[in-house]
1. Give region 122-139 a look and list any residue that's touching a strand residue (DSSP E or B) at 6+ places or on another chain (Cβ under 7 Å) and either part of a helix (DSSP H, G or I) or not hydroxyl-bearing (Ser, Thr, Tyr) (or both), or say none.
2. Within region 53-62, is even one residue of a type in the set (Ser, Thr, Tyr) and at positive phi?
3. Being within 14 Å of the chain's Cα centre (by Cα) and under 17 Å from Ala169 (Cα atoms) is the filter here, so list the residues in region 24-44 that pass it.
4. Of the numbered conditions (1) modelled with pLDDT of 95 or more; (2) surrounded by fewer than 19 Cβ atoms within 10 Å (Cβ to Cβ); (3) closer than 25 Å to Met142 by Cα; (4) not polar (S, T, N, Q), Asp51 fails exactly one; give the number of that condition.
5. Tally time: how many residues in region 67-109 are more than 25 Å from Ala146 (Cβ to Cβ), free of Cβ contacts under 8 Å to residues at least 60 places away in the same chain, surrounded by 12 or more Cβ atoms within 10 Å (Cβ to Cβ) and not aliphatic (A, V, I, L, M)?
6. Surrounded by 14 or more Cβ atoms within 10 Å (Cβ to Cβ), among the hydrophobic types (A, V, I, L, M, F, W, C) and either without any contact (Cβ under 8 Å) to a residue 40 or more places away in the chain or assigned to a helix (DSSP H, G or I) (or both): is that true of Val167 in this structure?
7. Just the residues that are among the basic types (Lys, Arg) and within 14 Å of the chain's Cα centre (by Cα), please, taken from region 45-85.
8. Return the only residue of Glu207, Glu160, Glu230 being acidic (Asp, Glu) and at pLDDT 90 or above.
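The values are calculated or read from the model by the stated rules, or taken from the named source; none is laboratory data. In this text, all values refer to a predicted model and were calculated from it rather than measured experimentally. Cβ sites come from the backbone with ideal geometry, for glycine too, and all protein chains shown count toward neighbours.
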Amino acid sequence: MRAIVIFASCEGQTLRIAHRIAQTMGKHGVPTDTFDVAKQSVTEIALKTYDAVVLGSSLHYGEHDRRIEWCIREHQRYLAKIPTAFFSVCLGILSKNEQDRHAAEDVTDELLSRNIFNPSRRTAFAGALRYSEYGWLKKRIMRHFAEISGYATELAQDYEYTDWQAVEAFAVDFAEYVLRCRHPDPIGPWPADATRRHQCHRQCVKERSTQLGNDTVIAGDAQTENANVE
Ligand SMILES: Cc1cc2nc3c(=O)[nH]c(=O)nc-3n(C[C@H](O)[C@H](O)[C@H](O)COP(=O)(O)O)c2cc1C
C-alpha cells in the first residue's frame, strides 16, 4: 500500500504542508510519496501504482494552480475509485471579511464540480506571507492585500499562519480512512452490526465453496445460513 501527495506551490508553503502530510501519513501506516507539479509533468505520474491520492494547491489571485486541475482531469476515472483528499493553502480563511473567508471553499467547490471530482476528505489551511521571497511589485501587492484583510504588513519580516496541528490531524484522519478502506473490519461488533455480519458470512461461505468447487453450500438455504451466523 502506498499513497502520494501531488502539490503545486509558488512560494514553498504548500510544499512544506505536502511534506508534513506525507511524513505524518507514513508514521500512521501509509507510506506516502510527494510529487511537485513544478518539477515533473502530471502526465508522468504513474498514478495507478498508488492506493490513495492527496492533491493540494495554494491559491493565487483567486485560483488554484492549473496543473492540479489538469492532473484531476487526466486521472479522473482512477481518482473516482480510490480514497482521495484535497487541500487548499491560502490566506483568505483568516480574513476579517466573511466573503473572503469563504472564497477558498467556493473556488474549491467550482474546481471540483468542473472536474466531477469528489474527494473523500477536503480542507483549507492558512498559508504564509513571505515578504522576503517576493519581488518588489509582489511585496507591494501583498502588503495592500494584507492591509485590507487585516494581516501583518511589516515588510521586513515573514509570517507563517499555518496550523501544523491541523495539518497533522488531517493527515492522520486520512491515513486512518485509507487503512479502513483497505482492510474493512470483516466482522463488526455483535449485535449492532448483525446485518453486515450476516452478509460477510455469506460472502465468506460463497468464496469458500467456490474454492472447494462446491456451490451447493449456500444454494438458497437461508435456514442453514442463519444457523451458521448464530
Ligand atoms: C501574489 C499572491 C496572490 C495571492 N492570492 C491569494 C488569493 O487570491 N486568495 C488567498 O486566500 N490567498 C492568496 N495569496 C496567499 C497565498 O495563498 C499564501 O501566501 C500561501 O501561503 C502561498 O502558498 P505557496 O507558498 O505554496 O504558494 C496570495 C499570495 C500571493 C503571493
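1. Once the filter is applied, which keeps residues that are touching a strand residue (DSSP E or B) at 6+ places or on another chain (Cβ under 7 Å) and either part of a helix (DSSP H, G or I) or not hydroxyl-bearing (Ser, Thr, Tyr) (or both), region 122-139 yields Arg122, Ala124, Phe125, Gly127, Ala128, Leu129, Arg130, Tyr131, Ser132.
2. Checking region 53-62: at least one residue is of a type in the set (Ser, Thr, Tyr) and at positive phi.
3. Within region 24-44, Thr24, Met25, Val30, Thr32 meet the criteria.
4. Tallying (1) modelled with pLDDT of 95 or more; (2) surrounded by fewer than 19 Cβ atoms within 10 Å (Cβ to Cβ); (3) closer than 25 Å to Met142 by Cα; (4) not polar (S, T, N, Q), Asp51 fails exactly one: (3).
5. 11
6. The answer is yes for Val167.
7. Lys81
8. One residue alone meets the criteria, Glu160.
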